[in-house]
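The next block holds one structure in the form of structure tokens; read it before the comments.
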Amino acid sequence: MELALIILASSSLIAIAELLKRRFSLPTALTRRFAHITTAIVASVAPLFISQIEIVVVSIMFAIALLFGRRYRIFSAIHTVERRTFGDVFLPLGVAGSALFFLPDDVRAFQFGILVMGISDAVAGVVGEKIGKHSVRIFNNTKSLEGSAVFFVTSLAITVFFVVAPAHQILFIVAVLTAAELLLVYGLDNLMLPILGGYLLKFFM
């Protein structure tokens, strides 16, 4: 029953994003980030209800479904973007990888990495696209310093909630995650940030 509810919740959030885009002609930047944040939040609480293997299997299923949807342009709320990115597919794979590395023994490390990827990355993307003025070009991908600054601040808030450590250690965690988000392109941050975040938390806890 819990597994069915997790699948239903994640599917419903993607469907809501699609409905909002089609009904109100919302920009993809907004609907994509809505799906990004909300599905990551669902993933972060999933270990409280379902097993590690269930999270891995469901995440891979979603990655396959999103890859299929990308091929046939089914999910316009997620896939209609100007830049080249596979972040939609890498997100569930990042969840699966984090589950393999950290569950069932370290739920906090899993949750920390997923929330940094889900919230900080999405908020930074919105800010960068809307008000980013100072850009950095990496492997033909453009990111903004304004977006990186927002990522830093948002990740700092999440890190303070999860990590009890001296200030310099917390700042080090956030700085490493911010640098990784800036350098990882084509959506690879969705794959790597959850794992990197989880390992940083484990190291300093």
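The values are calculated or read from the model by the stated rules, or taken from the named source; none is laboratory data. It should be emphasised that the depicted structure is a prediction, and the values quoted were computed from it without experimental measurement. Don't worry about glycine lacking a Cβ; one is built from the backbone with ideal geometry, like all the others, and counts go over all protein chains shown.
In summary, helices (runs of 4 or more DSSP H) completely within segment 71-156 and bearing 3 or more residues that are at pLDDT below 80 and either in contact with a helix residue (DSSP H, G or I) (Cβ under 7 Å, 6 or more places away or on another chain) or under 30 Å from residue 19 (Cα atoms) (or both) occur at 76-79. Residue 116 satisfies every condition listed in (1) under 21 Å from residue 29 (Cα atoms); (2) surrounded by fewer than 23 Cβ atoms within 10 Å (Cβ to Cβ) except (2). Looking across segment 166-185, the residues that are outside any helix (DSSP H, G or I) and either in contact with a helix residue (DSSP H, G or I) (Cβ under 8 Å, 6 or more places away or on another chain) or free of Cβ contacts under 8 Å to residues at least 24 places away in the same chain (or both) come down to 166, 184.
Among the residues of segment 42-70, how many are in a helix (DSSP H, G or I) and surrounded by fewer than 16 Cβ atoms within 10 Å (Cβ to Cβ)?
Here the count works out to 10.
Among residues of segment 134-147 that are on the phi > 0 side of the Ramachandran plot, those with a Cβ under 9 angstrom from a residue that is surrounded by 13 or more Cβ atoms within 10 Å (Cβ to Cβ) and part of a loop (DSSP other than H, G, I, E, B), sequence gap 6+ or separate chain, pair up as 139/185; 139/186; 140/185.
Taken over segment 169-202, residues that are of a type outside the set (A, V, I, L, M), surrounded by fewer than 19 Cβ atoms within 10 Å (Cβ to Cβ) and modelled with pLDDT under 95 amount to 2.
Among the criteria (1) of a type outside the set (Asp, Glu); (2) surrounded by fewer than 20 Cβ atoms within 10 Å (Cβ to Cβ); (3) touching a strand residue (DSSP E or B) at 6+ places or on another chain (Cβ under 9 Å); (4) under 13 Å from residue 189 (Cβ atoms), the one residue 86 does not fulfil is (3). The numbered conditions (1) within 20 Å of residue 33 (Cα to Cα); (2) surrounded by 15 or more Cβ atoms within 10 Å (Cβ to Cβ); (3) at pLDDT 95 or above are all true for residue 159 except (1). Residues in segment 1-32 that are assigned to a helix (DSSP H, G or I) and either buried (at least 21 other Cβ atoms within 10 Å of the Cβ) or polar (S, T, N, Q) (or both): 10, 11, 12, 14, 17, 21, 28, 31, 32. There is no residue in segment 55-76 that is out of contact with any Pro (no Cβ under 6 Å at 6 or more places or on another chain) and under 15 Å from residue 177 (Cα atoms).
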